[in-house]
Amino acid sequence: MKVAFNASDFNHGMSMVSHALPARVIKPYQEGVFLETMDTGLRLTVTDGEVAIQSTIAAEVVEEGSALLPARLLGELVRNLEGNVELETESNEAAIVRNQGSRTRLVLFAAEEFPEIAPVEAESITSISQQQFKSAVRSIIFAIATDETRRILTGCLMETSADEVRFVCLDGYRLAMQRVYCKHEMPAGKEVLSYILPGLLVGNIARMMSDSEQPITLSLSRTHMMAEFDKTRVFAPLILGEYINYRQILPTSWTTAIRVERGALSGSIQRAALIAREGSNNLLRLKIENQTLTISAMADKGAATEQIPVDFDGSPLNIAFNANYLNDVIKNIDTQDLSMRFNTNVSPCVVAPVSGNQYTYLILPVRVSD
């Protein structure tokens, strides 16, 4: 194999595929990057045995072929080069990397050990803009569970229907749901298709892409997924099992509701949380009455009280929340005003836009004595 490419193009490709490098290497191929010539240039592939990421860069192919090289070493080398880079393999033993006056010889890994990346036989293909995907994921990913004993909840539920895609995350204490409105061709006889995507991987994919209007295409089978954007493809197994029926969790009626300006609420929560975190339970108490929301926190080192004017409807209420959980929800909302709806001081609070339904959050309160 002999190819020539621009160092900055290669660096971008490596920045994509390196997300699949495992923290702990069990098999030699897991620390390698598989290079193979294509009609469109040079394809880079890295896999940890489950997740695989491919990225294709522009390259001049002088001699076709493939090779498995040490990923981190090759990546660090090319990051220290500029302009045109030549890479040529010597039989099956080594690769020579040339750039201006630089010549580096890298020992090859056994390419036959690198697993074949199987295509996804998709039953569902959804395309939305990278900006929409990134915004949706960024707004909900905080609510995935991190406890592997609840593996289902470490995933992000993706539901597709004819008019929208829903992304849902919940960890047992809070729920976050975002809708992306788009047309989607459904299989005959199907109204909704549901998949559980690996949550941490979904977050990584969102960080890998730009805020552009270019599409990301999600191809899903019953067991695997492929995400394709720009010149990058991400392959991964889905999380199998039955996701919690989140629709049963969401209240359909309420006895107390407020409308509040998001910026004022966010500032008050963050200031009161400074005191709450000094306490043993990181607790914020909310009191709703007389068109006023009062947020208070107490700890050995001090106390805080914040008052915000609100549009109030229903019964007065005293309720308490974990400060971090409440702050995570409010800081991920970008509308000017929001509504908070309650029933009792021990039932979930629903946070939603004043108009429309592009997002919905649910937070469980903390039971406290008066």
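Observations
- The listed residues are 174, 207, and the only one of them that is within 27 Å of residue 349 (Cβ to Cβ), outside the structural domain of residue 333 (by TED's automatic domain parsing) and of a type in the set (Lys, Arg) turns out to be 174.
- Residue tally, condition without any contact (Cβ under 8 Å) to a residue 12 or more places away in the chain and either touching a strand residue (DSSP E or B) at 6+ places or on another chain (Cβ under 8 Å) or crowded, with 18+ Cβ neighbours inside 10 Å (or both), over the stretch 64-89: 0
- Filtering the stretch 339-353 to residues that are more than 26 Å from the chain's Cα centre (by Cα) and not in a strand (DSSP E or B) leaves 343, 344, 345, 346, 347.
- Qualifying residue in the stretch 233-245 (condition: without any contact (Cβ under 8 Å) to a residue 24 or more places away in the chain and either under 30 Å from residue 355 (Cα atoms) or out of contact with any Asp or Glu (no Cβ under 7 Å at 6 or more places or on another chain) (or both)): yes
- Subset of the stretch 289-335 [touching a Lys or Arg at 6+ places or on another chain (Cβ under 6 Å) and polar (S, T, N, Q)]: 294, 296, 318
- For residue 185, the stated conditions hold: it is farther than 20 Å from residue 53 by Cα and either among the charged types (D, E, K, R) or more than 13 Å from the chain's Cα centre (by Cα) (or both).
- Residue tally, condition part of a loop (DSSP other than H, G, I, E, B) and at pLDDT 90 or above, over the stretch 354-366: 3
- Being farther than 27 Å from residue 45 by Cβ, of a type outside the set (A, V, I, L, M, F, W, C) and buried (at least 20 other Cβ atoms within 10 Å of the Cβ) is a description that applies to residue 139.
- Evaluation of residue 191 against (1) of a type outside the set (Gly, Ala, Ser); (2) surrounded by fewer than 13 Cβ atoms within 10 Å (Cβ to Cβ); (3) at pLDDT 95 or above (one fails), failing number: (3)
The values are calculated or read from the model by the stated rules, or taken from the named source; none is laboratory data. Just so we're clear, the structure is a prediction, and the values are computed from it rather than from any experiment. Every residue, glycine as well, gets a Cβ built from its backbone with ideal geometry; the counts of neighbours run over all protein chains shown.
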